[in-house]
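Colleague: Have a look at this one.
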Amino acid sequence: MTDVLLDGSPLTPAQVEAVAHGRAAVTLAPAARTRLVASRVALERLLDDGEAHYGVNTGFGSLARTRIATDRLRDLQRNLVRSHAAGTGDRLPTPTVRATMLLLAASLARGASGVRPELVEQLLGCLAHRITPIVPSIGSVGASGDLAPLAAIARVVIGEGEVEGGPAAEALARAGLAPLVLEAKEGLALINGTHLMAAEAALLLEEWDALWPAAVGACAMAIDAVRATDAFLDRRVHALRGQPGQEAVAAHLRDWLRGTEIVESHRLDDSRVQDPYSYRCAPVVLGAALDAIAYVRAAVERELGAVTDNPLLVGLDADGGAPSLVSAGNFHGMPIALPLDVLTMALTHVAGIAQQRVFFLLSARDPESGLPPYLSPAPGLNSGLMVAQYTAAACCNELAGLSMPASVINVPTSAGIEDYNSFGPRAAAKARRAMQLTRTVVAIELLCAAQGIEGHRPLRSGDRVEAALARIRAVVPPLVADRPLTADIEAIVGLIEDGAFAAHR
């Protein structure tokens, strides 16, 4: 991955993922630095106009009507950071924190927040030296920014708080970085934005890109494992529906199954008229999920080029006239919270229909499938893959609960001045867990379908299915007698996480 240059242009999910995992460095473009200097000059001029400017020379939230004396503005920003560091719960993963820091730096670097370039450079210095703040996972309501998590990061910028490995002050000293003294508005700019929830969304999109081809491949493998027909993949049928995701999934499945001998072996004299919905309607259900992800992706990509601070300097590039500092609501997380909820719902359907195919595959209730119950090598003596389906069912039960949207449950804050919140970080936490559970269900379908296909040897499936089966067999041997299945499932989960099926979309 090429290093990331903060020049005001939108980041990509791939860039976010690379920086999050330490595979790319980040630098501030000279033009962006110049823009930061100009915006800071403009902000400092506004300090002399005698007017009240929210968060610059006033209190915060419901305390916004309190004017703060000029000689206390530094104290105001430091106190803001300290008081808002009120999160609790398990710490956020290192990649999530690093991604959040990147998005914060990128938003500030766009020059509408009025901060000094030194503030952005401090964040980039922490990223470069792998100084990762300890950030509690619970505390943000997803409006007025991700206040509590970002305050934990902001404390490190000023030399307070804890980082991985010990006190922030010591980590900064080892890296040759001096703690910053925050000037007017800079504390507010650090904690006022959607950077945590947007970072989570960007990372989840990268995980989706590894999961999706595995999910489609697992479906294709299951089709051949139960000796289902491929008639329902007819391009003409899906063209009549006109749903782009549905057409794309049908095309992917046709590609995966191209050249299969298993379908051809029962094309004639098969007593079945049609297959269960979980097979026959897979293009429709998975296609709807794919279309939902397209909406999620578009929203996230826009947010990766956004400025979500408040208040914001506008009119800096206009001809004539002084720039204005406008207090609005760009910090509100609903444009990301709602897509994160949709992501969880899409994942729930990907897992749900996969689990149902596993159920059918293992039930052996259709004699035309040619499979023994639970794919057992000796049914009765051996239980085979019976309880793998139980695990998939347990995952789907939890997914059903997670798919209740976080963004529709409002709890007001700040004495009612912040009276409608997005709860985007809670939507992100649900989506992160949903991604884990869905990977497990897809891994179970791959495990079972691989065993089922091998039951039809010497017939072979399509080239892409056979390539995927070979990848599975590189980490999981065929089942010849009962054994614990946990390691098998986890090994295939690892393949999905590593993108082992991504070349076979």
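The values are calculated or read from the model by the stated rules, or taken from the named source; none is laboratory data. Computed from a predicted structure; not experimentally measured. Counting neighbours? That spans all protein chains shown, and the Cβs are built from the backbone with ideal geometry, glycine included. SASA here: full protein model, heavy atoms, side chains in, ligands and nucleic acids out. Shrake-Rupley method; radii C 1.70, N 1.55, O 1.52, S 1.80 Å.
Colleague: Put +1 on the Cβ of each Lys and Arg and -1 on the Cβ of each Asp and Glu in the range 395-505; which of 459, 436, 402 then has its Cα farthest toward the positive end of the dipole?
Modeller: 459
Colleague: With every protein chain present, what is the per residue accessible area of the range 391-505 (1.4 Å probe, Å²)?
Modeller: On the way: 4820 Å² over 115 residues.
Ligands and nucleic acids excluded, the figure is 42 Å² per residue.
Colleague: Quick one: compute a quarter of the convex hull surface over the Cα atoms of the range 302-355 and quote it in nm².
Modeller: Working: hull surface 19.2 nm².
Across all orientations, the range 302-355 yields a mean hull projection of 4.8 nm².
Colleague: Taking all pairs of distinct Cα atoms, average 1/r, flip it, and tell me the Kirkwood hydrodynamic radius of the chain in Å to one decimal place.
Modeller: Working: mean 1/r = 0.0404 Å⁻¹.
The Cα-based Kirkwood calculation yields 24.8 Å.
Colleague: Taking the simple approach of a point 7 Å from Cα along Cα-to-Cβ for both residue 118 and residue 378, what is their distance in nm?
Modeller: Going by the 7 Å Cα→Cβ label model, 7.7 nm.
Colleague: Now for a different question. Starting from 0.36 nm per residue, how many nanometres of slack lie between residue 49 and residue 480 once their C-alpha separation is accounted for? Please list the in-between numbers first.
Modeller: Details: separation 431, 0.36 × 431 = 155.16 nm, distance 8.10 nm.
Additional length available on full extension: 147.1 nm.
Colleague: Also, I was wondering about something else. Could you give the accessible area per residue of the range 36-145, probe 1.4 Å, as a whole number in Å²?
Modeller: Working: 4480 Å² over 110 residues.
For the range 36-145, the per-residue accessible area is 41 Å².
Colleague: Compute the length gained on full extension between residue 302 and residue 271: take 0.36 nm times their separation in residues and subtract their Cα-Cα distance, giving the result in nm to one decimal.
Modeller: Values: separation 31, 0.36 × 31 = 11.16 nm, distance 5.16 nm.
Going from the current span to full extension adds 6.0 nm.
Colleague: Something else: Assuming R0 = 45 Å, can you tell me the calculated FRET efficiency for the pair residue 264 and residue 394, based on Cβ-Cβ distance, to the nearest 0.05? If you can, show how the numbers build up before the last one.
Modeller: Working: r = 37 Å, r/R0 = 0.82.
Here the calculated transfer efficiency is 0.75.
Colleague: Counting pairs of alpha carbon atoms under 8 Å apart in space and at least six apart in sequence, what relative contact order in percent does the range 360-505 give? It would help to have the intermediate numbers written out before the result.
Modeller: Details: 132 pairs, mean separation 36.2, N = 146.
Result for the range 360-505 is 25 percent.
Colleague: Compute, for residue 281, the solvent-accessible surface of its heavy atoms (probe 1.4 Å) with the complete set of protein chains present, and express it in square angstrom to the nearest 10.
Modeller: Ignoring ligands and nucleic acids, residue 281 comes out at about 40 Å².
Colleague: Whole number in Å², please: accessible area per residue of the range 250-385, 1.4 Å probe, ligands, DNA and RNA not counted.
Modeller: 44
Colleague: Please state, rounded to one decimal and in Å, the Kirkwood hydrodynamic radius that the range 157-299 gives when every pair of distinct Cα atoms enters the mean of 1/r.
Modeller: Working: mean 1/r = 0.0513 Å⁻¹.
So the Kirkwood estimate lands at 19.5 Å.
Colleague: Scale the Cα Rg of the range 133-181 by the rule-of-thumb value 2.2 N^0.38 Å and send over the ratio, two decimals. Present the calculation step by step, with values, prior to reporting the outcome.
Modeller: Details: Rg = 11.7 Å, N = 49, 2.2 N^0.38 = 9.7 Å.
Ratio of Cα Rg to 2.2 N^0.38 Å: 1.21.
Colleague: While we're here: Residue by residue through the range 150-159, which ³J(HN,Hα) values in whole Hz follow from phi under the Karplus form 6.51 cos²θ - 1.76 cosθ + 1.60 (θ = phi - 60°), with glycine and proline marked x?
Modeller: Values, residue by residue: 5, 5, 4, 6, 4, 4, 5, 4, 9, x Hz.
Colleague: Starting from the Cα of residue 473, move 7 Å in the Cα-to-Cβ direction to define the label point; list residues of the range 256-285 whose amide nitrogen is under 20 Å from there.
Modeller: Backbone N within reach: 256-265.
Colleague: Which of the peptides 465-471, 149-155 is most tightly packed, and how do the rest follow, going by the mean number of other Cβ atoms within 10 Å of each residue?
Modeller: Working: 465-471: 19.6, 149-155: 28.0.
Result, highest mean Cβ count within 10 Å first: 149-155, 465-471.
Colleague: Please work out whether the range 68-131 counts as rounded, prolate or oblate from its C-alpha gyration tensor, where a ≥ b ≥ c are the square roots of the eigenvalues and a/c under 1.5 means rounded, while otherwise a/b larger than b/c means prolate and anything else oblate?
Modeller: On the way: a/c = 2.34, a/b = 1.27, b/c = 1.83.
Because a/c hits 1.5 or more and a/b fails to exceed b/c, the range 68-131 counts as oblate.
Colleague: Can you say what percent of the DSSP beta bridges in the chain, counting only those with both residues inside, are antiparallel? Round to 5.
Modeller: Details: 10 of 14 bridges.
Looking only at bridges with both residues in the chain, the antiparallel portion is about 70 percent.
Colleague: In addition: Counting helices only, and only those DSSP H runs with n ≥ 4, report the 222 nm mean residue ellipticity of the chain as the sum of -39,500 (n - 2.57) divided by its residues, in deg cm²/dmol to the nearest 500. Working shown, then result.
Modeller: Values: 19 runs with 274 residues, N = 505.
About -17500 deg cm²/dmol.
Colleague: Using a 1.4 Å probe over the heavy atoms of the protein chains, calculate the carbon and sulfur portion of the accessible area of the chain as a whole percent.
Modeller: 55
Colleague: Tell me which residues come under 5 Å, amide H to amide H, from residue 418 once H is placed; ignore anything under 5 positions away on its chain.
Modeller: 413
Colleague: Next question, about the same structure. Based on the mean of other Cβ atoms within 10 Å per residue, sort peptides 167-180, 207-220, 261-274, 31-44 so the most packed one is first.
Modeller: In decreasing order of mean packing, 167-180, 207-220, 261-274, 31-44 become 207-220, 31-44, 167-180, 261-274.
Colleague: Then there is this: Once you place label points 7 Å from the Cα toward the Cβ at residue 459 and residue 239, how far apart are they in nm?
Modeller: So the two model labels end up 2.9 nm from each other.
Colleague: Tell me, what HN-Hα J-couplings in whole Hz come from the Karplus equation 6.51 cos²θ - 1.76 cosθ + 1.60 at θ = phi - 60° for each residue of the range 112-121, using x for Gly and Pro?
Modeller: 9, 9, x, 9, 6, x, 4, 5, 5, 5
Colleague: Can you find, among 156, 213, 175, the residue sitting farthest towards the positive end of the charge dipole of the range 151-258, where Lys and Arg contribute +1 and Asp and Glu -1 at Cβ?
Modeller: The residue sitting most towards the positive pole is 213.
Colleague: A further question on this structure: Just from the alpha-carbon atoms, what are the Rg and Dmax of the range 273-386 in angstroms?
Modeller: Answer for the range 273-386, Rg first and Dmax second: 25.5, 85 Å.
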